[in-house]
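Colleague: To start, I am sharing the structure in question, which I have written as structure tokens.
The values are calculated or read from the model by the stated rules, or taken from the named source; none is laboratory data. Model, not experiment: these values are computed from the prediction. As a convention, Cβ positions derive from the backbone with ideal geometry for all residues, glycine included, and neighbour counts pool all protein chains shown. Side chains included, ligands, DNA and RNA excluded: accessible areas come from the protein's heavy atoms. Shrake-Rupley method; radii C 1.70, N 1.55, O 1.52, S 1.80 Å.
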Amino acid sequence: CWWLRVAPSTPVAAAPVVLMCLDPPKADMDEVLATTLAERGISPLRTTIGRHVICRHGDPTNAHHLVRVNAQRAARIVVMMQTQDDAEAEETDGIVRGGATIRAVLALRHVLLSSKDPRTGEPCLRADLSVIVQLSGPAKESAVGAATWLAHDGSTIVRPLDLTAILNQLMFDSAAQPGLAAVLLELFDFDS
């Protein structure tokens, strides 16, 4: 009954969410997600691991792995490489900062800008594409900014976000105003 169908009300209902990580195996990611969703009271009938939320084991800095998870057709992409960035900074005594993040953005740029629509031969860069890149310090923003790109109409696609400034501001405001931390936790809490 096509006339009884309702348009998807959430992004998860409209298209699956794909998570790609290098460190934990797929089975571990599935188990952690299932446990977390159950703790939050999200019904497995409504949000199914493997159908609505899909976990893939792969390297986000590898263009072949990005193609394998169909990154070129994504509407929203979040790049979070802080663990790998910290490991590289420790191995190089702080010389290399944000290397994994820059490699991931460059691999993503290659995949998104080189993929072509098989029917028209035109680049299949989505008009509504948004890429958020989490940074762990302001020093990395200029290097990541050099690896970003714009849409054909000049709009911003890649948005580097330095979360340290936001977290520092929240911590100092909470320390200066007793009770503010509880209010902020209530606002950010997804349980209620």
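Colleague: Without any contact (Cβ under 8 Å) to a residue 12 or more places away in the chain and either open to solvent by less than 70 Å² (accessible area, probe 1.4 Å) or within 24 Å of L161 (Cβ to Cβ) (or both), is that true of A15?
Modeller: Criteria not met by A15.
Colleague: Then there's this: So, in the range 37-75, exactly how many residues are in a helix (DSSP H, G or I) and either closer than 26 Å to L108 by Cβ or touching a residue at least 40 places away in the same chain (Cβ under 8 Å) (or both)?
Modeller: 9
Colleague: Tell me which of these P60 doesn't satisfy, since it passes every other one: (1) at pLDDT 90 or above; (2) out of contact with any Leu (no Cβ under 9 Å at 6 or more places or on another chain).
Modeller: Single failed check for P60: (2).
Colleague: How many residues are surrounded by fewer than 18 Cβ atoms within 10 Å (Cβ to Cβ) and in a loop (DSSP other than H, G, I, E, B) when one looks only at the range 98-129?
Modeller: Selection size over the range 98-129: 13.
Colleague: Taking into account only those residues within the range 142-154 that are modelled with pLDDT of 80 or more, open to solvent by less than 50 Å² (accessible area, probe 1.4 Å) and not in a helix (DSSP H, G or I), which is farthest from T101 (Cα to Cα)?
Modeller: Here the answer is G154.
Colleague: Residue by residue through the range 33-80, note down the ones that are among the small types (G, A, S) and in contact with a strand residue (DSSP E or B) (Cβ under 6 Å, 6 or more places away or on another chain).
Modeller: A34, G58
Colleague: Consider I132 against the criteria (1) modelled with pLDDT of 80 or more; (2) farther than 30 Å from A38 by Cβ: it satisfies all of them except one. Which criterion is unmet?
Modeller: Every listed condition holds for I132 apart from (2).
Colleague: Right, here's the next one. Within the range 116-136, identify whether any single residue is touching a Pro at 6+ places or on another chain (Cβ under 7 Å) and touching a residue at least 40 places away in the same chain (Cβ under 8 Å), and answer yes or no.
Modeller: To start, the set of residues in the range 116-136 that are touching a Pro at 6+ places or on another chain (Cβ under 7 Å) comprises 116, 133, 135.
So of that shortlist, the ones also touching a residue at least 40 places away in the same chain (Cβ under 8 Å) come out as 133.
Yes, because at least one residue in the range 116-136 is touching a Pro at 6+ places or on another chain (Cβ under 7 Å) and touching a residue at least 40 places away in the same chain (Cβ under 8 Å).
Colleague: Name the residue that is surrounded by the fewest Cβ atoms within 10 Å (Cβ to Cβ), counting only residues in the range 166-192 that are assigned to a helix (DSSP H, G or I) and under 19 Å from the mean Cα position of the chain (by Cα).
Modeller: F188
Colleague: What single numbered condition from (1) within 23 Å of L22 (Cβ to Cβ); (2) part of a helix (DSSP H, G or I) fails to hold for I132?
Modeller: Among (1) within 23 Å of L22 (Cβ to Cβ); (2) part of a helix (DSSP H, G or I), the lone unmet condition for I132 is (2).
Colleague: For V6, state whether it is open to solvent by 80 Å² or more (accessible area, probe 1.4 Å) and farther than 20 Å from A146 by Cα. If you could, list the steps in order and put the result at the bottom.
Modeller: Numbers: open to solvent by 80 Å² or more (accessible area, probe 1.4 Å): yes; farther than 20 Å from A146 by Cα: yes.
The answer is yes for V6.
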